[in-house]
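Worksheet: one structure, shown below.
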Amino acid sequence: MFLLAKLKRIVLLGLVGAMVGCASIPAGVEPSPHDPWEPFNRSVFEFNEGLDAYLLKPVVAGYRFILPEFVRDGIYNFFSNYSDIYTALQNLLQGKPDYAFSDLMRVVVNTTFGLGGLIDMATPGGLPKHKEDWGQTFGVWGIPSGPYVVLPFFGPSNVRDTFGTAADLESDYLFRLLPDVALRNSLTGLRVVNARNTYYEAGDLLDGAAIDKYSFVRDAYIQRRAYQINEGRDDEEPLMPVYENPYQ
């Protein structure tokens, strides 16, 4: 509960910072119909960039310096194996029982033969990795995405995925339900560092590119979520329509 309260404070701090001064849209950048709240979103994006530059990135740099690659890979595999349990549930809710069975088999194989999930034995064994969450499930159920929104700390999202993120957190055993508070907080911190480590070098490439980083991240997120939700469906009609201002 203490960690959840701290995360809520970070989110509120980001919202307050964004309300104090909304960033303007750079000259020459075309507004997106998906993003009616762009000035506000850009302010939250800048807050997240500062949080990443002055807190997360230095921590991850130390993490990479202290731990050898095989240890970091083991940590990544452990959390990936844990997430397969939730992915199995989401695939079941999305009407994909074959994927759900494959995900559960991944957990069994990696937990049993992969030293508790530290080694990924399932992927080379022919059980592919899937990644599902509540936001994707809501999308498959036909709930529209709503406008694009940037969340403090959590980053790119939309109205539907914001509720999905809340559902993910509420149903996450390691984040909400693990009885040992100290262990729960430590594992959550390690998960954050592990997640940031997975795109450590990609973030550097984006920083050095002569692009509007905000627009690039937004468009990539929208396209990626549309692909994730439509994947495996027979119909070709996009589940993420184009929104006009104002959406509400």
Exercise for review: Confirm whether D168 is open to solvent by less than 40 Å² (accessible area, probe 1.4 Å), among the acidic types (D, E) and within 17 Å of the chain's Cα centre (by Cα).
Suggested key: no
Study note, to complete from the structure: Of the residues in region 74-90 that are without any contact (Cβ under 8 Å) to a residue 40 or more places away in the chain and either surrounded by fewer than 20 Cβ atoms within 10 Å (Cβ to Cβ) or touching a Ser or Thr at 6+ places or on another chain (Cβ under 6 Å) (or both), the one that is farthest from F113 (Cα to Cα) is L89
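Can you tell me which of V108, V159, V181 is buried (at least 16 other Cβ atoms within 10 Å of the Cβ) and of a type in the set (V, I, T)? Talk me through it step by step, then tell me what you get.
Numbers: V108 fails: buried (at least 16 other Cβ atoms within 10 Å of the Cβ); V181 fails: buried (at least 16 other Cβ atoms within 10 Å of the Cβ).
It is V159.
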Practice item. Would you please name the residue that is surrounded by the most Cβ atoms within 10 Å (Cβ to Cβ), looking only at residues in region 122-156 that are of a type in the set (A, V, I, L, M) and over 25 Å from A100 (Cβ atoms)? Key: V150
Check your understanding: In this structure, does R196 turn out to be of a type in the set (D, E, K, R), at pLDDT below 95 and open to solvent by less than 60 Å² (accessible area, probe 1.4 Å)?
Key -> yes
Check your understanding: Quick check: is even one residue across region 80-96 among the hydroxyl-bearing types (S, T, Y), modelled with pLDDT of 95 or more and over 16 Å from D172 (Cα atoms)?
Key -> no
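The values are calculated or read from the model by the stated rules, or taken from the named source; none is laboratory data. None of the values given here were measured: they were computed from a predicted structure. A quick note on method: Cβ atoms are made from the backbone with ideal geometry, for glycine too, and the neighbour counts reach across all protein chains shown. SASA here: full protein model, heavy atoms, side chains in, ligands and nucleic acids out. Shrake-Rupley method; radii C 1.70, N 1.55, O 1.52, S 1.80 Å.
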